[in-house]
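Asks: Structure incoming, see below.
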Amino acid sequence: MKLSFKDRIAFYYLAATTALVAIAFLLVYGIVYQTVYDNMDQVLSIEAYKHTTEVIIEGDSIHFINKGEWEEREHREAQVLPVFIQLMNSKGELMDKSPNLKNQELLFHPELEGGHHFDASLNDEVLRQIQIPLRTKDKLQGYILAAMSMQASIQVLRKLAWAEAISFPVVLISLFYITRSLADRSIRPIKEITRTAGRTSKRFLDERVPLPAKQDELYDLSQSINALLDRLQHAFKGEKQFSSDASHELRTPLATLRGSLEVLIRKARSQEEYEATIKSALVQIDRMADLSDQLLVLARMDSEALNLNQQALGIVVEEVLSSLHPLIQAKNLRVHLDLHQLESKEIPAYFGSLIFQNLIGNAVKYSPDSSELRIEARSTETGFSCSICDQGPGIPKEEQAQIFQAFYRSPQAIQNAPGSGLGLSIAQRAAEAIEARIDLQSEPGRGTCFYLHF
């Protein structure tokens, strides 16, 4: 059977309460039971020891003193809870007994030496009995047995048991419905969260969960849900903007390519014109291919999040420099590589390669000919960091906050080097995937340094 959340809360509470109430009822019954028997035993002991003063021992004979007065007192007084007294000699033979026993006898246990209490019966009536030895000069002469009826006490215990047995399910059923009602009131904010989530879609991301009046756990949950919806709204806006920018970036080289080819076929051209147009078309095709590759990297980045195979820092950097060697050689750049014995430090191979490929590639692209490129590593208090510094044109301060945005390219970058504006965005997302951080220091005319903190 499938239970609702509020019913499960009520059921779990009921299960715990059942155990507690059962323990409480058993404890109450046990206390009353023990109290009844303790009081009965105390009264019996007093009566038994009181009657030892009314007993006379003559040789092997044991009998009551002034038994006639005792019989007369019993006829004269109505006893609510009569006490039965019986005298036995050391051989277990009946010597005397109280008149209210008539033709009956109390149960005698010869093996009991001290004043022990025990249950007995008389005419199907439950008795509580005590057996006390009678001694003269440390010699056992006999026993005095005293007993009282337990019927009234048993009736009290039975009524208590019935009362608890009847009230137990009533209490539990009442608690279930009370708890269910309270649980229903408590989860109303959760129902509101569910309704809000049901209304939320790409077209309706402005919905927010109303915050409860009390600042409790549900208030924190509602705040967290609203913060999540804020992030989703921001992410969808970013996705929409990214799609628009990607479409624009792909449309531009396509339009250029189409225009060049349309002009080419309007009339006959010379060999040189055909070659120039085809070369221009190939440049645009290369640009689209490069842009497609970078878009594919961004799309695959989430699926590669678990690809955390480790590789030495030195190997990753050397592989990146090797792939960029033709461009470095063409610009006659001097590469200063100093990893300060951190070459063996391991980093995630896939994401590390993405980061260094884009940061070092960016530095090579914007470095002037015959300049120096510095790649260094240093230990820090929390790990280590790598710096990639060039002597390029630098980045104005007002543009530094934007360079990690997808497709953003500063006017100076557009003039100095071709590109899609995705490289630093890819590096930033790769760093976030491995919980690294990229910082930037740059001044126009003095070059740029990127710092990668692991």
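Every number in this text was worked out from the coordinates using simple rules, so none of it is lab data. Please read these numbers as outputs of a predicted model, since none were measured by experiment. Reconstructed Cβ throughout: ideal geometry from the backbone, glycine too, with neighbour counts over all protein chains shown.
Asks: Taking square-rooted eigenvalues a ≥ b ≥ c of the alpha carbon gyration tensor, is the stretch 5-157 rounded, prolate or oblate, where a/c under 1.5 means rounded and, failing that, a/b exceeding b/c means prolate?
Replies: Numbers: a/c = 3.76, a/b = 2.54, b/c = 1.48.
Taking the square roots of the gyration eigenvalues as a ≥ b ≥ c, the stretch 5-157 is prolate.
Asks: Let me ask something else. List the residues whose amide H sits under 5 Å from the amide H of Phe384, counting only those 5 or more places along or on another chain, with H placed 1.01 Å from N in the peptide plane.
Replies: Distant-sequence amide H within range of Phe384: Phe454.
Asks: Turning to a different aspect of this structure: Rank the residues His109, His340 as a footprinting-exposure proxy: fewest other Cβ atoms within 10 Å of their Cβ go first. Don't skip to the end; give the middle numbers.
Replies: Details: His109 14, His340 10.
Arranged by neighbour count, lowest to highest, His109, His340 become His340, His109.
Asks: Sticking with this one: Between Val335 and Lys397, what is the spin-label point distance in nm, taking each point 7 Å from the Cα along the Cα→C-beta axis?
Replies: Placing both labels 7 Å beyond Cα along the Cβ direction yields 3.4 nm.
Asks: Please order Ile355, Ile173, Ile62, Ile438 by the number of other Cβ within 10 Å, starting at the fewest. Let's see the in-between values first.
Replies: Details: Ile355 28, Ile173 11, Ile62 22, Ile438 19.
Sorted ascending by nearby Cβ count, the order is Ile173, Ile438, Ile62, Ile355.
Asks: Net charge near Val263, counting Lys/Arg +1 and Asp/Glu -1 over other residues with Cβ under 13 Å of its Cβ?
Replies: Overall, the nearby charge balance is +2.
Asks: Listing Cys386, Cys449 from the residue with the fewest other Cβ atoms within 10 Å to the one with the most, what is the order?
Replies: Values: Cys386 26, Cys449 18.
Going from least to most buried by this count: Cys449, Cys386.
Asks: Check Val335: other-chain or 5+ apart residues with amide H under 5 Å from its amide H, H built from backbone geometry?
Replies: Leu373
Asks: Is there a pair in Lys102/Lys137; Lys91/Lys139; Lys50/Lys159; Lys50/Lys97 whose C-alpha atoms are over 23 Å apart, and which pairs would that be?
Replies: On the way: Lys102/Lys137 32 Å; Lys91/Lys139 13 Å; Lys50/Lys159 33 Å; Lys50/Lys97 15 Å.
Going by Cα-Cα distance, Lys102/Lys137; Lys50/Lys159 fall outside the 23 Å limit.
Asks: Let me ask another. With an 8 Å Cα cut-off and a minimum separation of 6 or more residues, compute the relative contact order for the stretch 5-157 in percent. Present the calculation step by step, with values, prior to reporting the outcome.
Replies: Working: 191 pairs, mean separation 34.4, N = 153.
Value for the stretch 5-157: 22 percent.
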